[in-house]
1. Rounded to the nearest 0.05, what FRET efficiency do residue 261 and residue 175 have when you use their Cβ-Cβ distance and R0 = 51 Å?
2. So if I restrict to the alpha-carbon atoms in region 57-142, what is the Rg, and what is Dmax, the biggest pairwise distance, in Å?
3. Which of 52, 263 has the fewest other C-beta atoms within 10 Å, and how do the rest follow up to the most?
4. Please turn the phi angles of region 221-234 into ³J(HN,Hα) values with the Karplus equation 6.51 cos²θ - 1.76 cosθ + 1.60 (θ = phi - 60°), one per residue in order, whole Hz, x for glycine and proline.
5. Rank 113, 157, 136 by how far each Cα sits towards the positive end of the charge dipole of region 69-157 (+1 on Lys, Arg Cβ; -1 on Asp, Glu Cβ) and give me just the farthest.
6. Rounded to whole Hz and in sequence order, give me ³J(HN,Hα) for region 83-99 from the Karplus expression 6.51 cos²θ - 1.76 cosθ + 1.60, θ = phi - 60°, writing x for Gly and Pro.
7. How big is the charge dipole of region 69-157 about its Cα centre, in debye rounded to the nearest 20, if each Lys and Arg gets +1 on its Cβ and each Asp and Glu gets -1 on its Cβ?
8. Just flag the GluC sites (Glu not before Pro) in region 139-238 sitting in loop per DSSP whose Cβ has no more than 16 other Cβ atoms within 10 Å.
Amino acid sequence: MVLILEVGEGEGWRSGHWTPLYDFHPAHGRKMAALAGWSLPVQYQDSHVDSHLHTLQHCSFFDVSHMLQTKILGCDRVKLMESLVVGDIAELRPNQGTLLLFTNKAGGIKDDLIVTSASEGHLYVLSNAGCWDKDLALIQGKVRELQNMGNDVSLEVVDNALLALQGPTAAQVLQAGVADDLKKLPFITSAVMEVFGVSGCSVTRYGHTGENGVGISVPAAAAVHLAAALLENPEVKLAGLAARDSLRLEAGLCLYGSDIDEHTTPVEGSLSWTLGKLTSGCPSPFLKKNVAMGYMPSEYSRPGTPLLIEVWQKQQMAVVSKMPLVTTNYYTLK
């Protein structure tokens, strides 16, 4: 059995939020990359393309423990979060989540995040590791501000690992280890359940790859046990950052820092400073051609419009296409 979990910068890193490195087979091929204080697997023994295609056809295991997980507690938790994001949280049903944005005073995007209204009486917030410090400072500052005004609100950093299964057989794989009926769990909704003998797991139906999948927030001490149980299924293979990035690009999902940042507003799709600007691009393993995302004036945005773009100081022909480039397969109740 081979398992590598993401690692932080030593024990006690970021107030105890730390996941150790496990490698049960030293000869197992892997490539690592540094991101926001974490050492992350770019790929495992399988090639990037093989991992990408396996995710589309079967099920892949992604360790995404580098993501920031927080809880907003108190009677005024919705008031706090709605003062920071673009979106409606008050109308969320119990255990329903939504994709939202932290914005600056000019309307630029500080980060994208998922907020879930947990039935246990808190908001569960999942945001990007690369924005960890500024996101945490933003929320903590608003907590202090509201507390000083007499509001009932507090913040808790969740010291859990975060494991993700992505692919058409992900729900089938997970169903073997839970008593709950996953068919009743639609896109961006959550439920707390026991998973392969590990109690207190929060399972959320979502897909950062465009495929049907789940994220499992699990107590860090039980992460290795749960990961090993999932990988015993022959449908499941390890996948790293490379496959995750090419999959999300095929699905038309933005990556913070590349496709969106503080110079991009939620409502703007064409800015003068982005004329011809490409934000993400890679060879598409599924389509077997090069794909990219970017910004352009609205008069050039119609699907089928031919463009001349510059890539590495060379001009290339391109055609505007409708997103997603590959059909997404999120699970919704019908």
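Computed from the coordinates by the stated procedures, all read-outs in this text should not be read as laboratory data. Just so you know, these numbers come straight off a predicted model, no measurement behind them. Cβ sites come from the backbone with ideal geometry, for glycine too, and all protein chains shown count toward neighbours.
1. The value I calculate is 0.85.
2. Radius of gyration, then largest Cα-Cα span, for region 57-142: 13.5, 44 Å.
3. Final ranking by Cβ density, sparse to dense: 263, 52.
4. In residue order, the calculated couplings are 5, 9, 5, 5, 4, 5, 4, 5, 5, 5, 6, 5, 6, x Hz.
5. About the Cα centre, the residue reaching furthest to the positive side is 136.
6. 3J(HN,Hα) across region 83-99, in whole Hz: 7, 10, 10, 9, x, 9, 9, 4, 8, 5, 6, x, 6, 8, x, 8, 7.
7. Around 140 debye, computed over region 69-157.
8. 232
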